[in-house]
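Enquirer: Have a look at this one before I ask anything.
Derivation of every value follows stated rules applied to the coordinates shown; laboratory data play no part. Source: prediction; values computed, not measured. Using ideal geometry, Cβ is built from the backbone for each residue, glycine included, and neighbour counts are taken over all protein chains shown.
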Amino acid sequence: MPSDIAVYGLGVMGRNIALNLADHGLDVAVYNRTARRTEAFVAGLPADSGITAHYDLAALCAALRKPRVVFVMATAGGVVDSVIDALLPLLERGDIVIDGGNSHFPDTQRRWQALRDRGIRFIGMGISGGEEGARHGPSIMPGGDADAWPHVRDMFRRIAAKADDGEPCCRWVGDGGAGHYVKMIHNGIEYGDMQLIAEAWQLMRDGLGMSSDAIADTFAAWNGGVLASYLVEITAAILRVRDSDGTPRVERIADRAGQKGTGRWTAIDALQVGVPLTLIGEAVFARTLSSMKEERTALADRLGTPPIAAAGADATMLDAIRDALYAAKIISYTQGFLQMRVAAAEYGWRLDYGSIALLWRAGCIIRSRFLDDIKQAFDRDPQLPSLPFDGFFAAALRDADAGWRRAVTLAVQCGIPTPAMSAALSFHDGYRSAVLPANLLQAQRDYFGAHTYQRIDRPADSHWHTLWSGDLSEVRTDD
């Protein structure tokens, strides 16, 4: 009997995706470049698992019903290109190749175009949720060849995570690299959320002198309100774990944060498309700074730390930190959705921002109650410029403002770095300012580089230059 889909690559994610597909009634053919891994995977499966092993690519492709669907779970980069090159001689026009790895969206865009020219339909599918999500229901963000999607939609909606209303977290995103782009933004927001939670933790630990148990209780309580999310939930759980001597285990984990590059991709693309992605950028830099452990330790010995005693926990200060975390989270998503809006115009995509929020409600790392609020904002106004223009989010930011400033002030007084929380506040203040000091910047640019400027009392399409080293007269440069 022909298989419905092939899974190429049996690492942790590939294995779990294959099992998930089989659990949902699909016949799955599997292959791994190393036969030993394939043998180990199928050895523990029951005879009626619906999964069949293959040990060469020709047999794998021959085992598939048409149009053939090959789901590739390989390391992002050149490996994916090598896999596609090996598959091409074995495929026919109309067959479908899906890249479910963590690929960079320009690579997906390139592969989509190249395979379309060969008559092969290509989908770049962002998948979030880690190994647990892959096994039991991830968030799935597909993009690429829209003609391919109807052939595979049902199988992937079957295996996707389901939100509380039963809706699968799997919707078509757009052409070309759109699916992997949205996954990239998801990962950037994930960087921001994690950094903000870490900053709130340090404010409570070092700024308020709270115990690990008390902080865990606080995060658990916050998880019952507007901050309800997977990341807040697991933070409370992490802080309760003790080593055998009673020390919180988190205190013995080296303070060097790793990264796989998707946060950097998000920040780099923000620079390329011209979006002020300040919070996520600072979250990426915070991980980079954490890796400089030896230099940080040396400077701590050389320069010392501010001699400010902990303020002591009280309900109002905890409320302030909660407000800062919530408001900064709003800004993080504001920046992420702004970037998607600008990128859609830059790359020719038509993105449905409310649907994207729905994709992230379950299965993925940033899943939270907050995403329903974003969906409702775009339901109220599909052309919403950004979240603070929505009444709900504008009110939330106003309500959190005083506490946010109090929390950042505490951080400054205690010498506690809050790069993401502080950057979010600076963006908030700048984004809502009718007047910024950029007029002085533009005058400086005109002084040393004759870059010209516009005047608020002259036509908007006119440009001017001052003879700064001469008689200080103005000349119009576009006459």
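Enquirer: Applying 1/(1 + (r/R0)^6) with R0 = 56 Å to the Cβ-Cβ distance of D479 and S291, what FRET efficiency is obtained, to the nearest 0.05?
Expert: It comes out at approximately 0.55.
Enquirer: L45's amide H: which non-local residues (gap 5+, or another chain) put their own amide H closer than 5 Å, with H modeled 1.01 Å from N in plane and none for Pro or chain starts?
Expert: Close amide H contacts, sequence-distant or interchain: none at all.
Enquirer: Give the whole-number value, in cubic angstrom per residue, of the convex hull volume spanned by the C-alpha atoms of the chain.
Expert: Dividing the Cα hull volume of the chain by its residues yields 204 Å³.
Enquirer: What percent antiparallel are the DSSP beta bridges of the chain, to the nearest 5?
Expert: Approximately 35 percent, going by the DSSP bridge assignments.
Enquirer: So if I place +1 on the C-beta of Lys and Arg and -1 on the C-beta of Asp and Glu, and nothing else carries charge, what would the dipole magnitude of region 25-116 be about its Cα centre? I want it in debye, nearest 20. Could you put the intermediate results ahead of the total?
Expert: On the way: 10 positive and 10 negative charges, 34 e Å.
Magnitude of the dipole: close to 160 debye.
Enquirer: What's the exposure ranking of E167, E39, going from fewest to most Cβ atoms within 10 Å?
Expert: Working: E167 16, E39 12.
Final ranking by Cβ density, sparse to dense: E39, E167.
Enquirer: Search the structure for amide H atoms under 5 Å from the amide H of V226, placed 1.01 Å from N in the peptide plane, and list their residues when 5 or more places away or on another chain.
Expert: Those lying under 5 Å, H to H, from V226: there are none.
Enquirer: Considering the options L277, V182, P142, tell which one lies farthest towards the positive end of the dipole of the chain, charges being +1 on Lys and Arg and -1 on Asp and Glu at the Cβ, about the Cα centre.
Expert: Positive-end residue among those listed: P142.
Enquirer: Out of A315, A114, V475, whose Cα points farthest toward the positive end of the dipole of the chain (charges: +1 Lys, Arg; -1 Asp, Glu; placed on Cβ)?
Expert: A114
Enquirer: Whole-Hz Karplus ³J(HN,Hα) for region 447-463, in order, using 6.51 cos²θ - 1.76 cosθ + 1.60 and θ = phi - 60°, x for Gly and Pro?
Expert: Taking θ as phi minus 60°, the curve returns 5, 8, x, 6, 7, 6, 8, 9, 10, 6, 10, 10, x, 5, 8, 9, 10 Hz for region 447-463.
Enquirer: In sequence order, what are the phi-derived ³J(HN,Hα) couplings for region 110-116 according to the Karplus relation 6.51 cos²θ - 1.76 cosθ + 1.60 with θ = phi - 60°, rounded to whole Hz, with x for glycine and proline?
Expert: These are the phi-based 3J(HN,Hα) values: 5, 5, 4, 5, 5, 6, 4 Hz.
Enquirer: Using helices alone, I'd like the mean residue ellipticity at 222 nm for the chain: each DSSP H run of four-plus residues gives -39500 (n - 2.57), total over residue count, nearest 500.
Expert: Numbers: 19 runs with 250 residues, N = 479.
Value at 222 nm, helices only: -16500 deg cm²/dmol.
Enquirer: Straight-line reach from K375: which lysines have Cα under 30 Å away, leaving out those fewer than 8 places along the same chain?
Expert: By straight Cα distance, K375 reaches K162, K183, K260, K329.
Enquirer: Further, regarding this structure: Going highest first, how would you order 411-417, 118-124, 89-95 by mean Cβ packing within 10 Å? Don't skip to the end; give the middle numbers.
Expert: Details: 411-417: 16.4, 118-124: 22.1, 89-95: 14.9.
Top of the packing list down: 118-124, 411-417, 89-95.
Enquirer: Something else about it: Please list, in chain and number order, the residues 5+ apart from L64 or on another chain whose amide H is under 5 Å from its amide H, with Hs placed from the backbone.
Expert: Under 5 Å from the amide H of L64: S3.
Enquirer: Might you report the magnitude of the Cβ-based charge dipole of the chain about its Cα centre, with Lys and Arg at +1 and Asp and Glu at -1, to the nearest 20 debye? Let's see the in-between values first.
Expert: Values: 49 positive and 58 negative charges, 164 e Å.
The dipole magnitude comes to about 780 debye.
Enquirer: Same structure, new question: How far is helix 262-273 tilted off the main Cα axis of the chain, in degrees rounded to 10, range 0 to 90?
Expert: 60
Enquirer: Determine, from the Cβ-Cβ distance of S469 and R116 and an R0 of 60 Å, the FRET efficiency 1/(1 + (r/R0)^6), rounded to the nearest 0.05.
Expert: Efficiency, rounded to the nearest 0.05: 0.60.
Enquirer: With a 10 Å radius around each residue's Cβ, average the other Cβ atoms per peptide and rank 367-373, 430-436, highest first. Kindly include the intermediate steps, with their values, before the conclusion.
Expert: Values: 367-373: 20.1, 430-436: 9.9.
For the peptides 367-373, 430-436, the packing ranking is 367-373, 430-436.
Enquirer: Would you kindly derive the ³J(HN,Hα) couplings of region 290-295 from the backbone phi angles with the Karplus curve 6.51 cos²θ - 1.76 cosθ + 1.60 (θ = phi - 60°), listing them in order in whole Hz, with x for Gly and Pro?
Expert: Karplus-based 3J(HN,Hα) across region 290-295 equals 4, 6, 8, 4, 5, 5 Hz.
Enquirer: Pulled fully out, how much extra length does the chain show between L45 and D352, if you take 0.36 nm times their separation in residues and subtract their Cα-Cα distance?
Expert: My answer for the length gained is 106.5 nm.
Enquirer: Same structure again: Taking the Cβ of L277 as the center, what net charge do the other residues with Cβ under 13 Å away carry, scoring Lys and Arg +1 and Asp and Glu -1?
Expert: Result for the neighbourhood of L277: 0.
Enquirer: Per-residue counts of other Cβ atoms within 10 Å, averaged by peptide: what ranking do you get for 145-155, 64-74, highest first?
Expert: Numbers: 145-155: 15.9, 64-74: 20.5.
Ranked from most to least packed, the peptides come out as 64-74, 145-155.
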